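Visitor: The structure's right below; bear with me while I get my questions together.
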Amino acid sequence: MPGIAINATRLNRTLDELGKFGETPDGMNRLAFSPADIASREYTIGLMRQAGLETRIDTAGNIIGRRAGADDSLPPIALGSHTDTVPLGGKYDGALGVMGAIEVIKTLDEQGHQTRHPIEAMVFTNEEGTRFHRWLIGSRAMAGLLEPEDLTAIDAEGVTLAQRMTDIGGDLSRADEAARQPGDLAAYFELHIEQGPYLYRSGTPIGVVTGITGRAVFELEISGMSNHAGTTPMNERRDALAAAAKLVVQIQKMAAEDEICRVATTGALDIQPNAVNVIPGRATVGVEFRDLDMAALDTAERELTRLARQAEQQDGVQIAINRHRFTDSVPIAPTMQEWVAEAAQRAGFDSERVPSGAGHDAQAIAAIAPMAMLFVPSVGGISHAIEEYSTPEACANGTQTLLELLLLADQRL
Ligand SMILES: [Zn+2]
């Protein structure tokens, strides 16, 4: 049994209370910078103060609550996540990592346990990136990874990120002041729901995250020829959609059967002229591959090219492959993974290694600090939807493990 136990009832109460901000019958609507987000931030700051933390908002709008360490000259150990949601999202994504961090510190406060290192609880701004289509804004600012496009972003309502940032107490013109240097944080730990089915299926309470998968995005522009649907013989057609359809099936197979990469998705399709009596002359297909191993993404790209060339020969079309974006995978150091597994064991839980198919603030913070992530099961593997659910027990297990991880790291770092 753990020496210091978190208060599971209080943890789940704060999760429920946070879940009132932006709650709708169809899911959570707490988009970054929305009135619900701003109100939830006030609630969170209140909880931090009750836990004895000294709070501030950095120029990127991140909320930081600090607890002094026995040796305040040591760099802090940070615990955090985000509280914004996607439209009609769930109550646990991000929220668990923040409420868990505050519960850990509140518990230490009550027990009168002082760590050697200072501790900082962090709430990162606009993780989801639904607004502005620019994500991880707060954590990238902290890691010094903001891009020029972030600074000039304008949302669907025509409001600049700079203005939205002012609404939450940040200042984008001084965003560089939010940046912290390697060595400024002793470590960063993020508790999160898995958002996938593996832990739920295996019944394992704690997932030791091995890394955050890299992502490669392409757009295939398939050019055939539009022609009359009634008069053009089948063997003389250059049907862009028919070629696209075959490619979609082949791309699925790359991951599902050939295991070239972990997952392959063709999530966007646009055809022209999109009329029932005209042979489609043009098709655009959005393709995404993800894997922890960047070499697998390179192999996937080669296979995609081969399939496209094959389709050109077989279907009489031309295919341009636009390489949109490669996001590097972020592996988690084996030592950090060991610590999470050991923390789970100390808390009395089994654990297993799982990669993260979704992106997280931790991947940005990894650029400036040793980082670890732990997952708890998502019922049915569902997230970013109203059905997103992790049991009160699962949330408590994750938070208890987060506490053990903090105590263990405080000794060893
Ligand atoms: Zn999240």
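Rule-based calculations on the coordinates, nothing more; no lab input. Computed from a prediction, not measured in an experiment: that's the story for all the values here. Here Cβ is always computed from backbone atoms with ideal geometry, including for glycine, and neighbour counts include all displayed protein chains.
Visitor: With an 8 Å cut-off on Cα pairs and a minimum separation of 6 or more residues, tell me the relative contact order of the chain in percent.
Guide: For the chain, the relative contact order is 23 percent.
Visitor: Please work out the FRET efficiency for the pair VAL159 and ASN274, using the Cβ-Cβ distance as r and a Förster radius of 35 Å; give the result to the nearest 0.05.
Guide: With a Förster radius of 35 Å, E is 0.60.
Visitor: Order of ILE332, ILE206, ILE321 from fewest to most other C-beta atoms within 10 Å?
Guide: So the ranking, lowest neighbour count to highest, is ILE321, ILE332, ILE206.
Visitor: For the chain, what is the mean residue ellipticity at 222 nm derived from helices alone (per DSSP H run of n ≥ 4: -39500 (n - 2.57); sum divided by total residues; nearest 500 deg cm²/dmol)?
Guide: -11000 deg cm²/dmol
Visitor: Among HIS192, HIS133, which comes first, second and so on when ranked by fewest other beta-carbon atoms within 10 Å?
Guide: HIS133, HIS192
Visitor: Using DSSP H assignments, which helices in the chain have an axial alpha-carbon span of 27 Å or above and a mean Kyte-Doolittle hydropathy of -0.5 or higher?
Guide: 392-412
Visitor: Cut-off under 13 Å on the C-alpha distance; same-chain residues fewer than 8 positions from LYS246 excluded. Which aspartates and glutamates are left, in chain and number order?
Guide: The qualifying aspartates and glutamates are GLU312, ASP315.
Visitor: Assuming a ≥ b ≥ c are the square roots of the Cα gyration tensor eigenvalues, decide whether the range 126-261 counts as rounded (a/c under 1.5), prolate (otherwise, with a/b larger than b/c) or oblate.
Guide: Verdict is oblate for the range 126-261.
Visitor: Enumerate the aspartates and glutamates that LYS20 could reach by cross-link, defined here as Cα to Cα under 16 Å, with residues fewer than 8 away along the same chain left out.
Guide: ASP37, GLU42, ASP84, ASP93, GLU387, GLU388
Visitor: Length gain on complete extension for the stretch HIS113 to GLU352, per 0.36 nm per residue less the alpha carbon to alpha carbon distance?
Guide: 83.1 nm
Visitor: Turning to a different aspect of this structure: For the chain, what are the per-bin percents of Cα-Cα distances with bins 10 Å wide, up to the bin holding the maximum?
Guide: 5, 21, 28, 23, 13, 7, 3, 1, 0
Visitor: Considering amide H positions built from the backbone, and no H for Pro or chain starts, which residues 5 or more places from THR55, or on another chain, come under 5 Å of its amide H?
Guide: Hits under the 5 Å cutoff: ARG66.
Visitor: In debye to the nearest 20, how big a dipole does the chain give about its Cα centre with +1 on each Lys and Arg Cβ and -1 on each Asp and Glu Cβ?
Guide: 240 debye
Visitor: Which residues does a label at ASP171 reach in the range 56-71, if reach means a backbone N under 18 Å from a point 7 Å past the Cα toward the Cβ?
Guide: Output list for this probe position: 56-64.
Visitor: Give the long-range amide H neighbours of GLY211: residues separated by 5 or more places, or on another chain, with amide H under 5 Å away, using H modelled in the peptide plane at 1.01 Å from N.
Guide: Amide H to amide H, under 5 Å and 5 or more residues apart or across chains, GLY211 pairs with ILE332, SER356.
Visitor: Please state the relative contact order of the range 214-327 as a whole percent: Cα pairs under 8 Å, 6+ residues apart?
Guide: Relative contact order for the range 214-327 comes out at 44 percent.
Visitor: Using a 10 Å cut-off around each Cβ, can you sort GLU17, GLU404 from fewest to most neighbouring Cβ atoms?
Guide: On the way: GLU17 13, GLU404 25.
Lowest to highest Cβ neighbour count: GLU17, GLU404.
Visitor: Sequence gap at least 6, Cα distance under 8 Å: using those rules, report the relative contact order of the range 2-100 to the nearest whole percent.
Guide: Value for the range 2-100: 32 percent.
Visitor: Okay, next question. In nanometres, what is the gap between the two model label sites at SER73 and ARG309, each 7 Å from Cα along Cα-to-Cβ?
Guide: 6.3 nm
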